[in-house]
Amino acid sequence: MTKQVFDRRQFLKTTAGAVVAGAGAALPGLVLAQGARIKVGLMLPYTGTFAPLGVAIENGFRLALAENGGKFGGREIEFSKVDDESEPSKATDNVNRLVNRDKVDVVIGTVHSGVAAGMVRVTREAGVLHMIPNAGLSQATGVLCAPNIIRTSFSNWQPGYGMGVALSKRKNVKNVVTIAWRYAAGEESVKGFKDGYLKGGGAIAKELWLPFPNVEFQALLTEIASVRPDAVYAFFAGGGAAKFLKDYAQAGLNKSIPLVGPGFLTDGVLEAVGASAQGVETSLHYADDLKFKRDKEFRLAYAKTYKLQPDVYAVQGYDTGLLLAAGLKAVNGDVSRKKELIAAMEKTTVNSPRGNWHLSKAHNPVQDMYLRKVVGVENKYEGVAVKALDDDPSVMAQCKMG
Amino acid sequence: MRPAAQCRRFCFVDFHTFLIQLLNGVQYGLLLFLVSSGLTLVFGIMGVINVAHGSFYMIGAYLAWSLAGASGSFWIALPVGIVLTAAFGFLLEMLLIRKLYARDHLYQVLLTYGLILVFEEARSILWGDDVRGVQIPQLLSASLALTDTLSYPVYRLWISAVCLLVAASMYWVMQKTRIGMMIRAGAFNREMVQSLGIDVALLSRFVFAAGIALAGLAGMIAAPISAVFPGMGNQVLILCFVVIVIGGMGSVKGAMVASLLIGLVDTFGKVLHLEIAGLKLLPELSGMAVYILMAAILLWRPEGIFGRKT
């Protein structure tokens, strides 16, 4: 379903654009080429569980655009929006609406990995520039990588690896139980954790899995209590994460067995779980109180514009805007020079609120993973878990760009 | 710690753990009964396919969150929430559902599916899309230590008690009272009961309202141990139908037995190791265990364990 939000300001812009285009009709060619807008297709979740994430990403992107004077590469941006409903079965139809019907120059999307997998299959064929502002599926910058597919967020493996490395340095953590949903994101996250943690000589006492999106944890919590590991690594997100944190605390396990995870375990649920999550450590490419000046400015501007506190998703949307701006600047807004545009993005170091990052050869961010700890309702910065982390080497090896 | 790798099939670290898992299974089963009890009334007894059952569960959970927030007490939120959901069910039956008794089941599916979409959107407008949490009431916030690392929340035991109470009262009302007899008769032959001078229309309205209130109650009671989040109802909906199908349409006893069976199969499916001829079956396929159980029972008794042969 297409949702075209058409407010008064956009109406004025559109009519103004029409007047300009009308005036320019006397001098076709030159004026049109200069004045034509760049079409950006946003395919994000605007309904359902992930709706707040979709909105945060769009807000972040629009903030980057506004800070750039409303233009990228000297040209105005025209948005087409599609609600992907986080529904993988509709992914192909939805992305085709943007690519074939609206003929957008850039596709931006999405949050849900399953939907992103469907999108990538289409954009790869069509060759349209596709920027992924969240979905961490390994294939997008692995076996399905392509020059026109660029991720500005993370791969599922990265936060897991960061947490693994952090734990591997602790002498008193010798065996760990992992628990996760058995689906692509969960498996990739646990693999990342193991790759990081096992290097330090520790052992995985047991891997526990639940079918996605089952949230009946009690049986597995009993398993954890009987195994008595030195720590538990858990991958859950959203409502499932909130329930897991509460169940873990209510089973009394938080008193004796430290709980760690990727940042998604504690992002966006801290208000809901209250005291249950205190002291939980996670790893992510963002934290609530980074010390960068850049981050402080971003948080202030975001809060002023949207009357909301930004989160990691807003940062990812913002960075998508920054990277696209850098690419379009290099080609003076001429999207047809796609090769140069992509080459410019590859060379860009994004000066992001999360810290500087750049694209890997497979087009995934090479970025710092931070260690965070839950204090109150914030994920407090504790230090850098891994500096300038690239993606899983085995995934990168599958990427044949060309 | 004994390494789990030595353990190939059907073994636990110790007997103690086995007992705790048994408790987990029974407790989960009782919760399932509570969640599906409303559907037992509406689908099992009245024969109305209400696929929006999960939505009422979600609405109950959100009501618990907003009412407990507004009143400051879970104990005030609970009765207010029950009255609100019952009134809501009453209105819904009057405005929409009653027009469909005479029609094919497909119309009921269409209407109630539409209701899911309406409720999700209304939830989004009213309460937003964020994950919410409800505090466990002070009175029940203690935990019992089962081992030195594991404790069991008293609240979960209280839920089990509520489930048993609901089950007992449903059984008593349906089987031992005049009203229950009228409801069962009305479900069996609507016209005949009507011609005996019983207001079946009004009776159905109350039964439907009770079913919705039970779904809401389940959501409210589950809210403190679960989190409150969009789409939470869809997760329980399918299991609810599985409970009714296994137990047999219209049987409260059947729903109870089926819930316990599912609770135990789900719990042990997640923790047992089962390998046959090198094929890893459990816990790898634990997500399917419940449905395999359903298929097996339907092969054995197509009408469900306590269902009437038709």
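The values are calculated or read from the model by the stated rules, or taken from the named source; none is laboratory data. On a predicted model such as this, the values are computed, not experimentally measured, just so you know. Heads up, the Cβs are rebuilt from the backbone with ideal geometry, glycines too, and the neighbour counts pull from every protein chain shown.
When region A:346-402 is examined, which residues are found to be outside any helix (DSSP H, G or I) and hydroxyl-bearing (Ser, Thr, Tyr)?
Here is the first cut: in region A:346-402, the ones outside any helix (DSSP H, G or I) are A:348-392, A:397-402.
Answer for region A:346-402, where residues must be outside any helix (DSSP H, G or I) and hydroxyl-bearing (Ser, Thr, Tyr): A:Thr348, A:Thr349, A:Ser352, A:Ser360, A:Tyr370, A:Tyr381.
For region A:275-298, give me each residue that is closer than 28 Å to A:Asp391 by Cα and of a type in the set (Ser, Thr, Tyr).
A:Thr282, A:Ser283, A:Tyr286
Since A:Thr178 meets every condition but one in (1) part of a helix (DSSP H, G or I); (2) without any contact (Cβ under 8 Å) to a residue 60 or more places away in the chain; (3) of a type in the set (Ser, Thr, Tyr), which condition does it not meet?
So the condition that A:Thr178 fails would be (1).
Scanning region A:363-387 for residues that are under 17 Å from the mean Cα position of the chain (by Cα) and surrounded by fewer than 22 Cβ atoms within 10 Å (Cβ to Cβ), which turns out farthest from A:Asp289 (Cα to Cα)?
Looking at the filtered set, the residue picked out is A:Val366.
For A:Tyr286, indicate whether it is under 24 Å from A:Ser189 (Cβ atoms) and away from chain B (no Cβ under 14 Å). Walk me through how you get there before you give the answer.
Details: under 24 Å from A:Ser189 (Cβ atoms): yes; away from chain B (no Cβ under 14 Å): yes.
Yes.
Six or more apart or on different chains, Cβ under 6 Å: which pairs go from a residue in region B:277-302 that's part of a helix (DSSP H, G or I) to one that's not aliphatic (A, V, I, L, M)? Could you list them?
B:Ser286/B:Gly269; B:Ser286/B:Lys270; B:Gly287/A:Pro211; B:Ala289/B:Gly269; B:Val290/B:Asp266
Does A:Lys243 count as facing chain B (nearest Cβ under 7 Å), among the charged types (D, E, K, R) and assigned to a strand (DSSP E or B)?
no
Evaluate region B:215-223: report whether one residue or more is modelled with pLDDT of 90 or more, within 14 Å of chain A (Cβ to nearest Cβ) and assigned to a loop (DSSP other than H, G, I, E, B). Can you show your working first?
Start the filter on region B:215-223 by keeping residues that are modelled with pLDDT of 90 or more, which leaves B:215-223.
Restricting the remaining residues to those that are within 14 Å of chain A (Cβ to nearest Cβ) gives B:219, B:222-223.
Adding the requirement that they be assigned to a loop (DSSP other than H, G, I, E, B) leaves B:223.
Yes - at least one qualifying residue is present in region B:215-223.
Output the number of the condition that A:Gly279 fails; it satisfies all remaining conditions of (1) modelled with pLDDT under 95; (2) over 17 Å from the mean Cα position of the chain (by Cα).
(1)
Just a yes or no: is a residue in region A:43-50 at pLDDT below 90 and under 14 Å from A:Pro133 (Cα atoms)?
yes
Being part of a helix (DSSP H, G or I), touching a residue at least 40 places away in the same chain (Cβ under 8 Å) and of a type in the set (D, E, K, R) is the filter here; which residues of region B:256-276 pass it?
B:Asp266 - this is the single residue of region B:256-276 that is part of a helix (DSSP H, G or I), touching a residue at least 40 places away in the same chain (Cβ under 8 Å) and of a type in the set (D, E, K, R).
What is the residue count in region A:213-236 for residues that are facing another protein chain (nearest Cβ under 8 Å) and among the hydrophobic types (A, V, I, L, M, F, W, C)?
Going through region A:213-236 one residue at a time, the tally reaches 6.
Give me a count of the residues in region A:121-156 that are within 12 Å of the chain's Cα centre (by Cα) and among the small types (Gly, Ala, Ser).
Residues meeting the conditions: 4.
This table checks each residue for (1) modelled with pLDDT of 80 or more; (2) touching a Phe, Trp or Tyr at 6+ places or on another chain (Cβ under 7 Å); (3) of a type in the set (Phe, Trp, Tyr).
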site	(1), (2), (3)
B:Ile262	yes, no, no
B:Phe268	yes, no, yes
B:Leu282	no, no, no
B:Met288	yes, no, no
B:Ala296	yes, no, no
B:Glu303	yes, no, no
B:Thr310	no, no, no
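Do any helices (runs of 4 or more DSSP H) entirely within region A:40-150 hold 3 or more residues that are touching a Leu at 6+ places or on another chain (Cβ under 8 Å), and if so, which?
A:51-67, A:113-126
Kindly check whether there is at least one residue in region A:262-271 that is more than 27 Å from A:Ile204 (Cα to Cα), crowded, with 24+ Cβ neighbours inside 10 Å and within 12 Å of chain B (Cβ to nearest Cβ). Give the derivation first.
Kept after step one, since they are more than 27 Å from A:Ile204 (Cα to Cα), are these residues of region A:262-271: A:268-271.
From the residues that got through so far, the ones that are crowded, with 24+ Cβ neighbours inside 10 Å too are A:269.
Those still in the list that are within 12 Å of chain B (Cβ to nearest Cβ) too: A:269.
Yes.
One residue is enough: does region B:121-133 have a residue meeting the conditions within 11 Å of chain A (Cβ to nearest Cβ), touching a residue at least 60 places away in the same chain (Cβ under 8 Å), more than 22 Å from A:Ala275 (Cα to Cα) and not in a helix (DSSP H, G or I)?
Looking for residues that are within 11 Å of chain A (Cβ to nearest Cβ), touching a residue at least 60 places away in the same chain (Cβ under 8 Å), more than 22 Å from A:Ala275 (Cα to Cα) and not in a helix (DSSP H, G or I), one finds none in region B:121-133, hence no.
Those residues that are surrounded by fewer than 17 Cβ atoms within 10 Å (Cβ to Cβ) and under 17 Å from A:Ile38 (Cα atoms), I need them from region A:103-121; list them, please.
A:Lys103
Considering each of B:Val80, B:Val48 in turn, give the residue that is away from every other protein chain (no Cβ under 14 Å), without any contact (Cβ under 8 Å) to a residue 40 or more places away in the chain and either surrounded by fewer than 21 Cβ atoms within 10 Å (Cβ to Cβ) or more than 12 Å from the chain's Cα centre (by Cα) (or both).
Every option except B:Val80 fails the conditions.
Answer yes if at least one residue in region B:243-264 is within 11 Å of chain A (Cβ to nearest Cβ) and either in contact with a Cys (Cβ under 7 Å, 6 or more places away or on another chain) or farther than 19 Å from B:Gly54 by Cα (or both), and no otherwise.
Within region B:243-264, one or more residues are within 11 Å of chain A (Cβ to nearest Cβ) and either in contact with a Cys (Cβ under 7 Å, 6 or more places away or on another chain) or farther than 19 Å from B:Gly54 by Cα (or both).
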